[in-house]
Each structure stands twice: as structure tokens, then as C-alpha cells.
Amino acid sequence: MFVVLVRLLLRFVLRVVVMSAAKAAPVTAAAFGGGTPAAVGIGWRPEIDLTVERLAGVDFVEVIAENVCAGHLPESLRALRERGTTVVPHGVSLGLGGADRPDPARLARLAEVAEGLGAPLVSEHLAFVRAGGMEAGHLLPVPRTRDALRVVAENIRVAQDLLPVPLALENPATLITWPDNELTEGEFLAELVERTGVALLVDVANLHTERVNHRIDLAATLNALPLEAVAYVHVAGGLMRDGVWHDTHAHPVTAEVLDVLALLCERHVPPAILLERDANYPPTDELEAELAAIRDVVDRAETRTRVAQRVGDSAASRVESAA
């Protein structure tokens, strides 16, 4: 681990002059191993490893970074990599939303996993997970204040400087919110992109959670986001209990979540979209159906875009002819 830390610090010194341009570079569908309009993937989990291997049309998979060791990959992940499937590490423990700077050892391990997987990027959450030396065991919401914005932006910069690939930041799903927020979620994320060049991982299931639990204006949130900074998107299922939406990752993807994906794709089709499932794993045909539903949303958005472009081109042509 010491050797890895030294190597990463040396890389930082060599790259410091060019990092700002690299951070802002957009991620494309090709980075995920897919073509246009968007790559489609699924979360790799040990419980469904063989199922994921057999699924047709999966361009990439995402793994929980803390659950894999770069030098001792599970056989299923090795098989996927050998046939060219992109693997993206998804972190859950950096705590980029905390008051403390990211732990160098955690960053070194995440960097090692990214390099070992040949990943095009890594992702983490806009959340804090520990304070005062105590682990929360949950992804907790960040107060959306100007002071917190400065702290989180610096934490992101620290992480970017020590990671070998771009970082994408995920919007969280929350059951509670802070009473003195100064910015909306969309504004907060947009400010972080502007200040750091960080990419975004937009979780549309989490946006649905925020819409139900905290009555956010979904259209305003999407309009505030710099969608050109979106690297990829999460889609997941959940359920309503006693008037509260729980983002369980253990239930089927609902029509409401797919509607949020459609609203996003109407504005901007992201480079890649990933289906998450973490428990109560369904039969293969149900996972295939959910992946097909995601592709259908993207295809319909692309069709509407092409029609709108043709109508616009035709109208412009008529105006030119009349002139």
C-alpha cells in the first residue's frame, strides 16, 4: 500500500498542470464499450454473477469497489473483462460529503482497483458516512449550504488529484433533509461541476425518491443540472411504505422511475445507463425485461429527437426558400 501511495503522489506532481482539462473531458458511450445512443449495463453482484455473464447486450458492469481486490478478481469478472466488457468501480465509503478530507488509504485502494480493472472512470456518492471517528453505516445527506459546498468541492479535488481516472459523483436518495439548505440539489451539483469539473452519475431512482419524500421540483432539478457532465445513469427499484419511498434496489423498477429516465433523456441522452439490483434477485427473464425497458426509453427519446430535428430542418428550409 505504501508503494501505491508514493506512486500516486508522484503521478499527482506530474499531472497537476494538465488535470483541470482532463477532469472536464466528457465521457462518451464508447468509454463504456457501447455504441450510440447509450451503453446499457447492470450491476455485477456475486449472487448473480453467472446470470450477468449470460445476459445479452450488456455493454458494461459496475462493481462495488470495496468488495473487490484488483489482484484477485472473481472468475466471473475476469471472464467479463476477457471478452471486453467494461467494468466500473462504484465506491461507497470515501465520504466525500464529510467535513474531513478523504482518507488517502481509501483513495489509494480505489485507485488500485480502477487501474486493475482498466476502468474508464470511478464513481462515488455525494454523502458523508463518518464523523468524529464513528462510522454511520449509511449514505447520509450533505447540508446544501455555501460552506458545505466549499468543503465538498475541496474533497472532490483531493480525490481527483489522487485517482488515475475521472470521478463521477452520484446524487443520493434520502429519507431526511437538512432544514437550512441554501441551494437546491440541482444547484448544488451544478456548482460542484463548475468548481471541480467532476462528472455526474445521475440516479433517476434517487431523484424519484427525492420527489416523493421531499417534494422536489423534478423538472427544475433536471433543468439545473449540467447534463453534458453526466457520465452515466443509475436505474433501480423501490417501494412505498407509509407514504415514504424507499430506494431498496430489491424490487422491480417502477413506471414512475422510468418516467424520470424519460424526462432526463428528453433533455439529453446520457452516455450510459445501468440497472442496479442488490437483493431479492429475480429470474433472468425479469432482468432482461428491465434492461429492455431501459433501452426502449432511450430509443423513444432518440426517435423524438430525430423527428424534432427533421421538423426543424424542414421549417428552416421553408423560411430560406421564402426569403
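Whenever a residue of segment 60-86 is farther than 18 Å from R106 by Cα, its partners that are open to solvent by less than 60 Å² (accessible area, probe 1.4 Å) and polar (S, T, N, Q), lying with C-beta atoms within less than 6 angstrom and at least six residues away or across chains, give the pairs F60/T86. A residue that is in contact with a Ser or Thr (Cβ under 7 Å, 6 or more places away or on another chain), on the phi > 0 side of the Ramachandran plot and either without any contact (Cβ under 8 Å) to a residue 12 or more places away in the chain or of a type outside the set (K, R) (or both) occurs somewhere in segment 177-200.
Annotation note: Cβ proximity below 7 Å between a residue of segment 142-170 that is among the small types (G, A, S) and a residue that is modelled with pLDDT of 95 or more and open to solvent by 30 Å² or more (accessible area, probe 1.4 Å) (sequence gap 6+ or interchain) occurs for A153/R195.
Scanning segment 166-190 for residues that are of a type in the set (D, E) and either under 30 Å from E115 (Cβ atoms) or in contact with a strand residue (DSSP E or B) (Cβ under 9 Å, 6 or more places away or on another chain) (or both) yields a single hit, E170.
Considering the conditions (1) within 20 Å of L167 (Cα to Cα); (2) free of Cβ contacts under 8 Å to residues at least 60 places away in the same chain; (3) of a type in the set (V, I, T), V297 is excluded by exactly one of them, (1). K23 satisfies every condition listed in (1) modelled with pLDDT under 95; (2) surrounded by 14 or more Cβ atoms within 10 Å (Cβ to Cβ); (3) part of a loop (DSSP other than H, G, I, E, B) except (3). The condition of being modelled with pLDDT under 95, open to solvent by 10 Å² or more (accessible area, probe 1.4 Å) and among the small types (G, A, S) holds for only one of G132, G118, that being G132. In segment 40-80, of all residues being of a type outside the set (A, V, I, L, M, F, W, C) and surrounded by 22 or more Cβ atoms within 10 Å (Cβ to Cβ), the one that is farthest from L139 (Cα to Cα) corresponds to G41. When segment 292-314 is examined, which residues are found to be modelled with pLDDT of 70 or more and among the charged types (D, E, K, R)? Those that are modelled with pLDDT of 70 or more and among the charged types (D, E, K, R): R295, D296, D299, R300, E302, R304, R306.
For S123, indicate whether it is among the hydroxyl-bearing types (S, T, Y) and within 20 Å of V27 (Cβ to Cβ). Yes: the conditions hold for S123. Only one of T177, T145 is more than 22 Å from L227 (Cβ to Cβ) and open to solvent by 50 Å² or more (accessible area, probe 1.4 Å); which? The match here is T177. Being basic (K, R), within 21 Å of A31 (Cβ to Cβ) and open to solvent by 70 Å² or more (accessible area, probe 1.4 Å) is a property that R83 has.
Restricting attention to segment 279-288, the residues that are open to solvent by less than 60 Å² (accessible area, probe 1.4 Å) and either under 15 Å from G237 (Cβ atoms) or of a type in the set (D, E) (or both) add up to 3. L222 meets the conditions (1) open to solvent by less than 20 Å² (accessible area, probe 1.4 Å); (2) over 28 Å from I176 (Cβ atoms); (3) under 19 Å from the mean Cα position of the chain (by Cα) in every case but one. The failed one is (2).
Among the residues of segment 227-270, those identified as open to solvent by 10 Å² or more (accessible area, probe 1.4 Å), in contact with a Pro (Cβ under 8 Å, 6 or more places away or on another chain) and outside any helix (DSSP H, G or I) are P252, V269.
The values are calculated or read from the model by the stated rules, or taken from the named source; none is laboratory data. Because the structure is a prediction, the values reported are computed rather than measured. A quick note on method: Cβ atoms are made from the backbone with ideal geometry, for glycine too, and the neighbour counts reach across all protein chains shown. Side chains included, ligands, DNA and RNA excluded: accessible areas come from the protein's heavy atoms. Shrake-Rupley method; radii C 1.70, N 1.55, O 1.52, S 1.80 Å.
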